[in-house]
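Asker: Just passing along the structure, written as structure tokens.
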Amino acid sequence: MDPTPRLSAVVADGVATVTIEHPAKRNALTPRMWRALPELLSRMATDPAVRALVLTGAGDVFSAGADIGALREPGDAMQDLSVRAEEALAAFPKPTLAAVRGYCVGGGAQLAVACDLRFAEEGARFGITPAKLGVVYRSSSTRRLVSLVGPSTAKYLLFSGELIDTGRALRAGLVDEVLPPGELAGRVAEFTRVLTTRSQLTQAAAKEFASGREDRDAYWAAQAGASGDREEGVTAFLERRTPRFGWTVGGGG
């Protein structure tokens with residue numbers, strides 16, 4: 001019997017790994033899974049043990065998208081759920097990274113685009129496929145895609161629904177690194193270890209500014225002044241040791 005579709009989460013060494021698990025349907029996301037993601041992210045956002053988050057798929061597929069059977073339901077309930085999950089992921093206050101193997105299509109690509117970074121294994125395939133289903137991609141999702149890959153590539157993906165390989169995805173800026181088969185997990189672990197040693201203050205402010213928030217300079221300057229992180233960072237550099245930053249999301253902020 002196939003296991004129940006679910007999102008699993010494991011926290012180790014400062015990194016939360018959230019795994020999309022629905023192997024019978026290439027990790028397609030069911031309504032229940034879409035609903036679960038915002039709640040899961042809310043818990044992780046305030047957990048001091050979590051300094052970065054990795055989103056991935058079970059086995060050799062990231063996610064083939066939304067469970068198409070649910071799209072037979074009348075109205076836009078399924079799309080509302082997917083956009084709510086996407087927005088929750090984009091708003092997560094700590095660094096997020098999508099680790100992609102195999103297909104990253106439709107709703108799966110929607111979530112990957114909402115992450116801060118995307119690392120992919122050679123052979124992965126990416127597609128934004130609403131045109132194959134007669135679905136209108138929401139404006140917020142479209143703007144996020146355009147900001148990542150530019151208008152031309154966004155139109156190519158949305159107009160055609162065609163899948164692209166890792167080479168084109170890398171050139172377009174859809175992915176940040178492409179790894180040979182067997183090296184993705186090690187590289188993701190290595191990079192997230194780096195992230196967990198860096199200043200959460202810097203990371204949280206950078207996420208806000210990169211998302212278009214331009215009215216918070218005074219807030220973040222006050223946070224920086226009160227945190228002592230800058231003094232710790234400089235002292236650690238001069239002493240040639242790893243800094244012990246004190247500011248944390250939901251704690252020092």
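Asker: Quick check on this structure: which one of Arg84, Arg72, Arg101, Arg118 is basic (Lys, Arg), out of contact with any strand residue (DSSP E or B) (no Cβ under 7 Å at 6 or more places or on another chain) and at pLDDT 95 or above? Reasoning before the result, please.
Answerer: Numbers: Arg72 fails: at pLDDT 95 or above; Arg101 fails: out of contact with any strand residue (DSSP E or B) (no Cβ under 7 Å at 6 or more places or on another chain); Arg118 fails: out of contact with any strand residue (DSSP E or B) (no Cβ under 7 Å at 6 or more places or on another chain).
Step by step, each of Arg84, Arg72, Arg101, Arg118 is checked, and only Arg84 is basic (Lys, Arg), out of contact with any strand residue (DSSP E or B) (no Cβ under 7 Å at 6 or more places or on another chain) and at pLDDT 95 or above.
Asker: Quick one: is Arg26 within 17 Å of the chain's Cα centre (by Cα) and either over 21 Å from Phe191 (Cβ atoms) or assigned by TED's automatic domain parsing to the domain that holds Thr142 (or both)?
Answerer: Numbers: within 17 Å of the chain's Cα centre (by Cα): no; either over 21 Å from Phe191 (Cβ atoms) or assigned by TED's automatic domain parsing to the domain that holds Thr142 (or both): yes.
No; evaluated as a whole, the condition is false for this residue.
Asker: Answer yes or no as to whether Leu81 is within 14 Å of the chain's Cα centre (by Cα) and either closer than 16 Å to Leu174 by Cβ or crowded, with 17+ Cβ neighbours inside 10 Å (or both). Spell out the reasoning first.
Answerer: On the way: within 14 Å of the chain's Cα centre (by Cα): no; either closer than 16 Å to Leu174 by Cβ or crowded, with 17+ Cβ neighbours inside 10 Å (or both): yes.
Taking the combined requirement at face value, the residue does not satisfy it.
Asker: I need the helices (runs of 4 or more DSSP H) fully contained in segment 137-246, keeping only those with at least 1 residues that are more than 27 Å from Val83 (Cβ to Cβ) and touching a residue at least 40 places away in the same chain (Cβ under 8 Å). Quick ask: steps written out before the conclusion?
Answerer: Details: elements: 139-149, 151-160, 166-172, 184-197, 200-210, 217-227, 229-238.
Passing ranges, in order: 184-197, 200-210.
Asker: From the list Gly57, Gly107, Gly127, Gly69, pick out the single residue that is under 14 Å from the mean Cα position of the chain (by Cα), in the same structural domain as Glu177 (by TED's automatic domain parsing) and farther than 27 Å from Gly14 by Cβ.
Answerer: Details: Gly57 fails: farther than 27 Å from Gly14 by Cβ; Gly127 fails: under 14 Å from the mean Cα position of the chain (by Cα); Gly69 fails: under 14 Å from the mean Cα position of the chain (by Cα).
Within the list Gly57, Gly107, Gly127, Gly69, the selection yields Gly107.
Asker: Hand me the list of strands (runs of 3 or more DSSP E) wholly inside segment 1-108 holding 3 or more residues that are in contact with a Cys (Cβ under 9 Å, 6 or more places away or on another chain).
Answerer: On the way: elements: 6-12, 15-21, 52-57, 96-100, 103-105.
So the answer is 52-57, 96-100.
The values are calculated or read from the model by the stated rules, or taken from the named source; none is laboratory data. Computed from a predicted structure; not experimentally measured. Here Cβ is always computed from backbone atoms with ideal geometry, including for glycine, and neighbour counts include all displayed protein chains.
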